[in-house]
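The values are calculated or read from the model by the stated rules, or taken from the named source; none is laboratory data. Please read all numbers here as calculations on a predicted model, not as lab measurements. Heads up, the Cβs are rebuilt from the backbone with ideal geometry, glycines too, and the neighbour counts pull from every protein chain shown. These area figures cover heavy atoms from the full protein model, side chains too; ligands, DNA and RNA do not enter into them. Shrake-Rupley method; radii C 1.70, N 1.55, O 1.52, S 1.80 Å.
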Number of protein chains: 2
Amino acid sequence: MASDKYSRAGVNIDKGNQAVEKIRDMVRRLGVNEIGKFSGFFPLQQKLEHPVLVSSADGVGTKLKVAFMADRHDTVGQDLVNHCVDDILVYGADPLFFLDYIATGKVEPDTISSIVSGMLEGCVENGFVLLGGETAEMPGFYKENEYDVAGFIVGLVDRGRILDGSNIRKGDLLIGLPSTGLHTNGYSLARHILFEQEGLSVNSPIPGAGATVGDELLKVHRSYLKPVRPLIEEGYVKGMAHITGGGFIDNIPRILPDTLGARVEQVWPIPPVFRFLVEKGEVSLEERFRVFNMGIGMVLIIAPDMLSRVESSLKASAEPFYLIGQVLPHEGGARIRIQ
Amino acid sequence: MASDKYSRAGVNIDKGNQAVEKIRDMVRRLGVNEIGKFSGFFPLQQKLEHPVLVSSADGVGTKLKVAFMADRHDTVGQDLVNHCVDDILVYGADPLFFLDYIATGKVEPDTISSIVSGMLEGCVENGFVLLGGETAEMPGFYKENEYDVAGFIVGLVDRGRILDGSNIRKGDLLIGLPSTGLHTNGYSLARHILFEQEGLSVNSPIPGAGATVGDELLKVHRSYLKPVRPLIEEGYVKGMAHITGGGFIDNIPRILPDTLGARVEQVWPIPPVFRFLVEKGEVSLEERFRVFNMGIGMVLIIAPDMLSRVESSLKASAEPFYLIGQVLPHEGGARIRIQ
């Protein structure tokens with residue numbers, strides 16, 4: 001009998017291997033890279049003059065708690081993949097591959113394979129591969145039926161085509177692309193307002209949203225790769241900000257030269273879930289734009305004379321968009337002024 | 001007042017920013033890549049004919065519990081980096097960069113910077129960069145003063161020089177390189193035996209080991225890059241197995257062609273910590289080689305006529321080594337036979 005003592009101490013290698021087998025089956029069906037060895041391999045076939053690898057690590061945060069409450073585990077993997085894609089897309093990088101880390105107190109092969117199926121779906125939708133990952137069974141770290149996940153992405157961009165925002169000038173325009181919902185940010189506050197303060201459950205409807213709390217909060221963090229890639233290829237964009245933790249307030253300055261700020265006008269329709277959260281939680285104007293994306297998940301910064309070309313391209317991609325603000329000189333005070 | 005409500009719900013963005021500042025200061029001092037943006041950049045300067053990226057994700061597992069017990073957080077980062085290095089080294093890949101994920105219930109800037117200082121030390125020792133990372137504050141996921149960490153590495157190898165083990169033949173030799181201790185595997189069983197069954201604390205001495213339980217269990221998972229890289233460059237090695245979760249039993253077969261197995265003889269000195277664990281825990285022969293590394297952290301497979309050259313190179317690196325076994329035909333039964 002192999003591993004009997006180890007099983008008793010809380011780790012079941014055979015169950016881990018079962019999960020690996022399930023994942024390997026899915027991976028084979030999808031034709032992506034085989035896993036289960038020490039590492040994954042990615043042949044770098046693109047011939048760029050000055051290739052630069054762009055890499056990012058992310059988690060899903062406390063959105064996972066909602067997945068636990070709803071006992072639904074096939075969306076968080078997509079959240080993770082898309083979040084990673086968006087984090088390198090802002091610099092103009094094309095994703096090459098993704099790896100995951102899943103940690104849980106006790107490996108339940110069905111849960112693990114459900115999580116991984118979401119990741120695979122995300123990888124396939126974005127057109128790249130799940131190169132590998134680690135599933136760690138850590139007794140005593142996580143509550144029963146709970147887990148944490150992290151994702152790592154590697155993309156590629158030619159050095160001369162990195163969107164670093166350095167040529168952003170005052171007067172440039174901010175274009176907002178809609179989010180699907182909270183994406184992966186503000187969940188601690190949202191859960192506090194919805195579940196603790198308002199006493200709702202995942203099955204309660206959100207007024208005006210046409211969806212339950214669970215469905216609304218588990219909406220998948222979207223990838224902006226498809227509508228944004230053509231804009232990057234055409235050179236229409238000077239810089240981008242992925243509106244994640246820190247919201248508009250912290251993320252837009254990441255791409256602006258130090259001497260510049262921006263004015264944002266709330267001209268887009270604020271989705272009902274945010275209206276409900278802001279009202280019930282009495283969330284101040286600054287805080288709501290620091291904690292939530294408020295309906296805009298990606299901000300593009302473009303020169304004014306590119307506007308009509310950007311509009312045409314986004315329309316061709318059937319991507320809704322809003323002209324939400326303008327770059328201004330930063331002369332003290334808040335760098336991002338919300339109006 | 002920014003984020004007051006968000007703080008109350010358990011997430012403190014300012015404290016997160018403090019941790020990022022501390023890490024950024026360390027990063028600057030060490031001259032490695034700046035962090036804090038959406039992603040990290042790595043210019044790919046190597047000119048290989050057929051470049052292949054090799055990537056791996058890892059955690060530290062329940063070794064973290066020992067770090068919590070000893071309130072010592074500067075070693076787990078090195079464990080993570082070195083584990084990742086070894087996982088790609090087995091295929092002949094040179095590490096390029098590393099990213100981390102740290103998740104905790106409440107960000108304590110000192111703990112986070114201690115963890116990251118270990119990662120930075122590992123990166124510097126192995127001669128590559130910490131390209132970025134994610135620190136996630138997840139209230140309600142982790143106990144107070146607890147956290148989880150994951151690491152992600154990307155390395156590079158020329159396609160024609162990948163060590164895939166395909167030319168391993170019967171009669172080839174297994175060379176074992178010593179581990180520093182448990183590395184990152186077998187901690188659930190070790191903790192069960194030492195703390196629960198034997199009632200020891202992190203400050204108790206381990207008989208014969210000349211170290212306390214805490215010091216012994218926190219010994220850093222070593223990197224084999226320095227002694228092994230010259231062997232790879234010279235083409236002396238056919239395949240390698242990193243002895244991690246699954247031990248000799250699961251890891252050596254990963255690199256062997258399907259028709260082959262191996263015989264391993266316990267000719268090396270088994271370190272006192274393993275002798276103690278095996279005796280007190282009454283761990284069977286097969287289980288101990290499936291759960292623990294038993295003092296050997298890396299196995300090289302070489303042709304017999306390379307032995308003297310491998311010996312000279314390892315001696316030049318001041319690396320101890322043991323001839324621990326031989327590749328045999330696999331004709332049913334256990335693929336790895338321990339004697």
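For the reader, a short list of remarks on this structure follows.
- Some residue of region B:157-170 being of a type outside the set (S, T, N, Q), in contact with a helix residue (DSSP H, G or I) (Cβ under 9 Å, 6 or more places away or on another chain), within 14 Å of chain A (Cβ to nearest Cβ) and in a strand (DSSP E or B): yes
- One residue from A:Leu80, A:Leu53 being touching a residue at least 24 places away in the same chain (Cβ under 8 Å), closer than 24 Å to B:Gly160 by Cβ and either assigned to a helix (DSSP H, G or I) or at the interface with chain B (Cβ under 7 Å from one of its Cβ atoms) (or both): A:Leu53
- Pairs are defined by a Cβ separation below 6 Å, a sequence spacing of at least 6 or placement on different chains, a first member in region B:265-285 that is within 14 Å of chain A (Cβ to nearest Cβ), and a second member that is assigned to a helix (DSSP H, G or I) and of a type in the set (A, V, I, L, M); the pairs so defined are B:Leu277/B:Ala190; B:Leu277/B:Ile193; B:Lys280/B:Ile193; B:Gly281/B:Ile193.
- Out of A:Arg191, A:Arg263, sole residue that is under 26 Å from A:Gly118 (Cβ atoms) and open to solvent by 20 Å² or more (accessible area, probe 1.4 Å): A:Arg191
- Of all residue pairs spaced 6 or more apart or on separate chains, none has beta-carbon atoms under 9 Å together with a first member in region A:181-210 that is under 20 Å from A:Gly77 (Cα atoms) and within 14 Å of chain B (Cβ to nearest Cβ) and a second member that is aromatic (Phe, Trp, Tyr) and exposed (fewer than 15 other Cβ atoms within 10 Å of the Cβ).
- Residue check for A:Asp250: open to solvent by 30 Å² or more (accessible area, probe 1.4 Å) and more than 30 Å from A:Val327 (Cβ to Cβ): no
- Of all residues in region B:98-140 being part of a strand (DSSP E or B) and out of contact with any helix residue (DSSP H, G or I) (no Cβ under 8 Å at 6 or more places or on another chain), the one that is surrounded by the most Cβ atoms within 10 Å (Cβ to Cβ): B:Leu99
- For A:Glu146, the requirement of being within 11 Å of another protein chain (Cβ to nearest Cβ), within 17 Å of A:Ser39 (Cα to Cα) and open to solvent by 10 Å² or more (accessible area, probe 1.4 Å) is not met.
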